[in-house]
Structures are given as structure tokens and as C-alpha cells.
1. Of the numbered conditions (1) under 24 Å from Ala157 (Cβ atoms); (2) in contact with an Asp or Glu (Cβ under 9 Å, 6 or more places away or on another chain), Glu33 fails exactly one; give the number of that condition.
2. Does Ile148 satisfy being of a type in the set (Val, Ile, Thr), buried (at least 22 other Cβ atoms within 10 Å of the Cβ) and touching a residue at least 40 places away in the same chain (Cβ under 8 Å)?
3. Counting only residues that are crowded, with 20+ Cβ neighbours inside 10 Å and more than 23 Å from the chain's Cα centre (by Cα), how many does the range 160-176 have?
4. Any residue in the range 302-320 that is of a type in the set (Val, Ile, Thr) and at pLDDT below 95?
5. In this structure, does Ser283 turn out to be in contact with a helix residue (DSSP H, G or I) (Cβ under 7 Å, 6 or more places away or on another chain), at negative phi and among the polar types (S, T, N, Q)?
6. Any residue at all in the range 78-93 that's of a type in the set (A, V, I, L, M, F, W, C) and modelled with pLDDT under 95?
7. Could you say whether any residue in the range 40-52 is surrounded by fewer than 17 Cβ atoms within 10 Å (Cβ to Cβ) and either in a strand (DSSP E or B) or of a type outside the set (Val, Ile, Thr) (or both)?
Amino acid sequence: MSYLSPLLSLPGAVAGEEPDEGVAAHYGDLFREQRHLADGVGFVDLSHRGVVTVSGADRLSWLHLLLTQHVSDLPPHRATEALVLSANGHIEHALYLVDDGETVWAHTEPGAQDALIAYLESMKFFYRVEVADRTDAFAVVHLPAGSITATPEGVLARETPHGRDLFLPRERLSAFAEEHGPAAGVLAHEALRIEAHRPRHGLETDHRTIPHELGWLETAVHLQKGCYRGQETVARVHNLGRPPRRLVFLHLDGSEVKIPVHGDPVRLASDGAEGRAVGFVTSSARHHELGPIALALVKRNVPADAELLAGERTAAAQELVVRP
């Protein structure tokens, strides 16, 4: 990734790794940064994320036809999230949206904006909409829940129960950091995301993930609307109640030096380390209070009370996110 945040020049900054290259993983004290965010203090530099806007008189009615979320009547400044699905109902994009009254602003996973814009452009037809890549001009900055930092004048904020996402002009990023520190790295942000059981596209998903498997029906899918690509799969699986996999939260054995990482297999503890994989780790972190934790995607028929092994032999107790 060619992008490098100017905040990598802050004291103690250590660069993040894929998919969070270009911003700081941490600034020298991971647990302190987590505690700050949990207490509503500081901010997270997410300036590597893509920023896409849709303007024009038809923007909401048009997006309503393309996204899983009900947005035709989305009030200004009300945050929501939505998915773009394939024809088979598999997740292709996750968007975090807010409308300012004239333009819909969305941020996406790093680098995902090009493919998203290509899809949106292919669906414009006769609608009065303009799609733009604003990544070079605007940086996403996250303020944690409970933050008393005021949204800077002229800056659009996307406010949710988990905090505020600011669409900050890039030329103001360094000045914002000086005024509103301390900065926390993406590893602290990820640890709190995992603790909250919130899925992330590209980590909790693979090429065949459907929204039901991750609990995204509650936050990113409106079940009373249709007419979007993949809607038939959403309705069918919802009515049958049988998604093939389910997201689980894992409390990992803290005695291991290394913790399992994205892609590591998950097995039934009763089958041992040589048993057949029943899923895989999607995200993991060391939490300042809970110790090592993870999210994993496992087969639906894995017993909800089963003890698991993550990675080579790390014991894992599961906590339900999506019920079998």
C-alpha cells in the first residue's frame, strides 16, 4: 500500500500490517490505548479507509435499490450501515453511511472503494446521481463512545453507539491530532471491535459469506424491503433459519505465547489437534481486561457448548454471537 499517514510520525508509532497498512498499529502502549478508548479518551487514525460520496436528487432512492438497508427515507445525519451483495447473496462490500442533506458519505475497507465505485457507476442508468471517490481529500477519524471532543466546525460526523466517525479534510489531520490526542492505534480499535462482536468485511467474511452468518441482519439488512441484488437468498435463508455457518466469540487460553490469527483452523477440542477443522479464526486480539480473544466462523451444527481448539492447540471457550 502506498499510503502513509502523517500520524506515523507521532512518538512511538509502529506501522500497521494488512489490512491496516498505512496507519499506526499502536503508539507504544497497546493496553493503555485500549483503556483510553474504553474511557472515551483520544481518537483512532483510520485515514487509510476509502471514502465514497453519492450526490444528486435521486441518491437515496437509487441507493435503496442497490443496498441491503432501507435508505430511501434516511434522515440527514442519521448513521446507518449497509451491504452490497452478489446475485447469490454473498457479501461484496460493507458501507458505513451518513447523509448530510445533499450527499451520502460512506467509508469502506481500505482499497475497496475502486471496486465499489465501478459497481455503482455500472448501475447509474438514468438516475440523477453522481458518484465520487473522496479518499484523497478526506480522512476517517474515529472518536470513541463517550468522547467529549467536539466535532470540528464544518466536519461531517457519523455518530453511532460505538462512537463517532469524522470525515475530516486530510489537510487538517495533523492539526487534529495535536489538539485532540492521545492517539490510539488500530490494534486497540480492533480489540474493542472484537469484544463488541462486530464483524468486519474481509476478516469475518470470505467469498461465500452471507449476512445471516455474522449477525449483520440486525444492523445492516432491512428484512421488509426487497428489490436489491441478493435479496432472494436473504429472504430464503431467513425464513428457513439455516445459515451454513455462524459467528462465535472466543475466550482464548491466556497461557499461550502466540495467539491464533486470521485463517487459523478451529477444531472441536474432543477431536484433538489432528481433528477436522469446523471453522476458522477471523480476528484476534489481546484485550486489556479479557486477555486473548477472537472471533471465528464455525459450522452451524457445532454444539453451542462445545470446547474448541483454535490454531495449533489453543483452548477456546465459545460465546454465542449468532445462535445455531
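1. So Glu33 meets the others, but not (2).
2. Values: of a type in the set (Val, Ile, Thr): yes; buried (at least 22 other Cβ atoms within 10 Å of the Cβ): no; touching a residue at least 40 places away in the same chain (Cβ under 8 Å): yes.
When the stated conditions are applied, Ile148 does not pass them.
3. The total comes to 1.
4. There is at least one residue in the range 302-320 that is of a type in the set (Val, Ile, Thr) and at pLDDT below 95.
5. Numbers: in contact with a helix residue (DSSP H, G or I) (Cβ under 7 Å, 6 or more places away or on another chain): yes; at negative phi: yes; among the polar types (S, T, N, Q): yes.
So Ser283 passes the test.
6. The initial filter retains those residues of the range 78-93 that are of a type in the set (A, V, I, L, M, F, W, C), namely 79, 82-85, 87, 91.
From what's left, modelled with pLDDT under 95: none.
For the range 78-93, residues of a type in the set (A, V, I, L, M, F, W, C) and modelled with pLDDT under 95: absent.
7. Initially, the range 40-52 is screened for residues surrounded by fewer than 17 Cβ atoms within 10 Å (Cβ to Cβ), giving 40.
So of that shortlist, the ones also either in a strand (DSSP E or B) or of a type outside the set (Val, Ile, Thr) (or both) come out as 40.
Yes, the range 40-52 contains a residue that is surrounded by fewer than 17 Cβ atoms within 10 Å (Cβ to Cβ) and either in a strand (DSSP E or B) or of a type outside the set (Val, Ile, Thr) (or both).
Residue-wise test of (1) within 30 Å of Val298 (Cβ to Cβ); (2) out of contact with any strand residue (DSSP E or B) (no Cβ under 6 Å at 6 or more places or on another chain); (3) surrounded by 15 or more Cβ atoms within 10 Å (Cβ to Cβ).
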site: Arg158; (1), (2), (3): no, no, yes
site: Ala188; (1), (2), (3): yes, yes, yes
site: His201; (1), (2), (3): yes, no, yes
site: His222; (1), (2), (3): yes, yes, yes
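The values are calculated or read from the model by the stated rules, or taken from the named source; none is laboratory data. All values derive from a computational prediction rather than experimental measurement. Backbone-built Cβ (ideal geometry, glycine too); neighbour counts: all protein chains shown.
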